[in-house]
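FYI, it's all coordinate maths here, none of it is from the lab. The shown structure was predicted, so the numbers you read here are calculated from the model rather than taken from an experiment. Cβ placement follows ideal geometry from the backbone for every residue including glycine, while neighbour counts extend to all protein chains displayed.
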Amino acid sequence: MKKLVLGAMFGLLAACGGGDESPDARIIVRDDGGGGGIDAPSGACNILTQTGCDAGEKCAWVRVQVSAATQLGQLACVPNGTVAVDGQCAYGAQGATTGYDNCAAGLVCLASSATDMATGTCRTICDLAEATASAACPTNFACGAYSSFFENEGDPMPAAGVCDPTCDPLTQVRLSDNAPACGSMDPMMPTRGCYGAASQDNTATNFTCTGAGDPMLRHRSPVTAPIFLNSCAPGYVPLLREMTGSMTTVCIAYCDPVNTLMGATVATSQGMSPHSCPDKGATAQSEQCRYLWWFEGNQTPISAASDAYGFCVDYTRYQYDSNNDMTPDTAWPSCRTLVANAADPMNPVDAAWAWGCTDSSTIPAALTGGRRPSARDYGLNLILPQGEMDELIKSWRKDGI
């Protein structure tokens, strides 16, 4: 199922897979503090601990109804499978007694949720409540939630996810084996891509491989609903509204940011080649590469990704609320007009760090011990309301790609 929402400031999704194994990428609300269980019939088994079933059985997500329009499942004890991790797997025919896969306990068959008796690859089931997504998975893998896996339409966020290979969104290289284009058969015509969203909770931002989105949807291409993290071409995510006041979401390019202050050149503000904004089709001089950390939540831990990646933003298209009346009224500043330290520390609108123009090491020390700054601190909610950003942030993958 494809259950997601987008709103006013920015939205995106993260994931990895290909062919039949590319379920829907979407972000879901963690409204239970990150823990909790999976909605299921009374007495259901535990998918994470593999408890509650008899010997020779496993706890599995059973596909009761499967079609392009409807996907319905439930947790149940079923005969244990034999296929190991990364092995080719298949689901039985839809139904409460038949719609389970043939993977071994602790694994799930990552396959299209909209295709009956779909085939895919066995992947490790992981705990989305882990402090870091990577902690729940092997090295070079991260835990991500998939639409119609361990949850139904209208359910709260599931506790379980699937381990996906991590990757570099700039180079599109899969980190586990350095495969280009996330392991696509033909890197020049990728069927898989590296996608990720700026984390909004206490887990670090990560990027994982999933089925590639529409190759025609590149920088500032409009995206129509339903919108998923991997709706755009590899190297782009549906991050921003077209402009302040618009309800149209557009694809935004990843870029390699460089610290930019007053006096910097246009080229510096656009990032480092070969992953600058112009390299990604963002050719206007007002397109600036702003650091990923700025788009993360106040409680999100700074990670290598926070300073390694950025997004191309045309600052002339957006306004912010300068007087806290909940109405955008002032244009975003250019990084090339900002200074290192704010004249008024209580209102740092003239500081480069306050607008994501410099890396996280430039954030004042007084702000780095706990609740660090983010784009939301200055009334910049025109990208995406907090709840909707949370809904997008848990990386649900789009199936059938």
Ordered by residue, what ³J(HN,Hα) values in Hz, to whole numbers, does the stretch 235-245 give under the Karplus form 6.51 cos²θ - 1.76 cosθ + 1.60, where θ = phi - 60° and Gly and Pro are x? x, 9, 9, x, 9, 10, 6, 4, 6, 4, x
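Magnitude of the Cβ-charge dipole of the stretch 289-336, K/R +1 and D/E -1, about the Cα centre, nearest 20 debye? Could the numbers behind the result be given before it?
Numbers: 3 positive and 6 negative charges, 43 e Å.
That gives a dipole near 200 debye.
For the stretch 213-358, give the magnitude of the charge dipole about the Cα centre (Cβ charges: +1 Lys/Arg, -1 Asp/Glu; no others), in debye to the nearest 20. Write down the numbers at each step before the final one.
Numbers: 7 positive and 13 negative charges, 72 e Å.
Once rounded to the nearest 20, the dipole reads 340 debye.
Could you give the length gained on full extension between residue 325 and residue 216, defined as 0.36 nm per residue of separation minus the Cα-Cα distance, in nm?
Numbers: separation 109, 0.36 × 109 = 39.24 nm, distance 3.89 nm.
Stretched fully, the residue 325-residue 216 segment lengthens by 35.3 nm.
Output the relative contact order of the stretch 179-303, whole-number percent, from Cα pairs under 8 angstrom with separation of 6+ residues. List each step's numbers first, then the result.
On the way: 248 pairs, mean separation 27.9, N = 125.
Averaging sequence separation for qualifying contacts and normalising by length gives 22 percent for the stretch 179-303.
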Distance (nanometres) between label positions extended 7 Å along Cα→Cβ at residue 98 and residue 202: 4.6 nm
Along the positive direction of the dipole of the stretch 69-180 (beta-carbon charges: Lys, Arg +1; Asp, Glu -1; about the Cα centre), which of 83, 167, 152 reaches farthest? 83
Under-5 Å amide H pairs with residue 107, H placed in peptide plane, nonlocal only: 125
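Report the relative contact order of the stretch 249-329, percent, no decimals, based on alpha-carbon pairs under 8 angstrom and at least 6 residues apart.
Numbers: 129 pairs, mean separation 23.9, N = 81.
Worked out over the stretch 249-329, it gives 30 percent.
Only Cα pairs under 8 Å and at least 6 apart count here; give the relative contact order of the stretch 148-215 as a rounded whole percent. Don't jump to the answer; show the numbers that get you there.
Values: 104 pairs, mean separation 16.6, N = 68.
Result for the stretch 148-215 is 24 percent.
Could you tell me whether the stretch 95-204 comes out rounded, prolate or oblate from its Cα gyration tensor? Rule is a ≥ b ≥ c as square roots of the eigenvalues, rounded for a/c under 1.5, then prolate if a/b exceeds b/c, otherwise oblate.
Numbers: a/c = 1.84, a/b = 1.24, b/c = 1.48.
Since a/c reaches 1.5 but b/c is at least a/b, the shape of the stretch 95-204 is classed as oblate.
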When 155, 127 are ranked with the fewest other C-beta atoms within 10 Å first, the list becomes 155, 127
If you take every DSSP beta bridge whose two residues both sit in the stretch 253-356, what share of them, in percent to the nearest 5, is antiparallel? 90 percent
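Might you report the magnitude of the Cβ-based charge dipole of the stretch 141-271 about its Cα centre, with Lys and Arg at +1 and Asp and Glu at -1, to the nearest 20 debye? Present the calculation step by step, with values, prior to reporting the outcome.
On the way: 5 positive and 11 negative charges, 79 e Å.
Charge dipole, the stretch 141-271, about its Cα centre: 380 debye, nearest 20.
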Test of understanding: ordering 296, 153, 57 by Cβ neighbours within 10 Å, fewest first, what list do you get? 153, 57, 296
Taking neighbour counts of Cβ atoms within 10 Å as a proxy for exposure, in what order, fewest first, do 363, 227 appear? 363, 227
Using modelled backbone amide H atoms (1.01 Å from N, in-plane), which distant-in-sequence or interchain residues come within less than 5 Å of residue 219's amide H? none
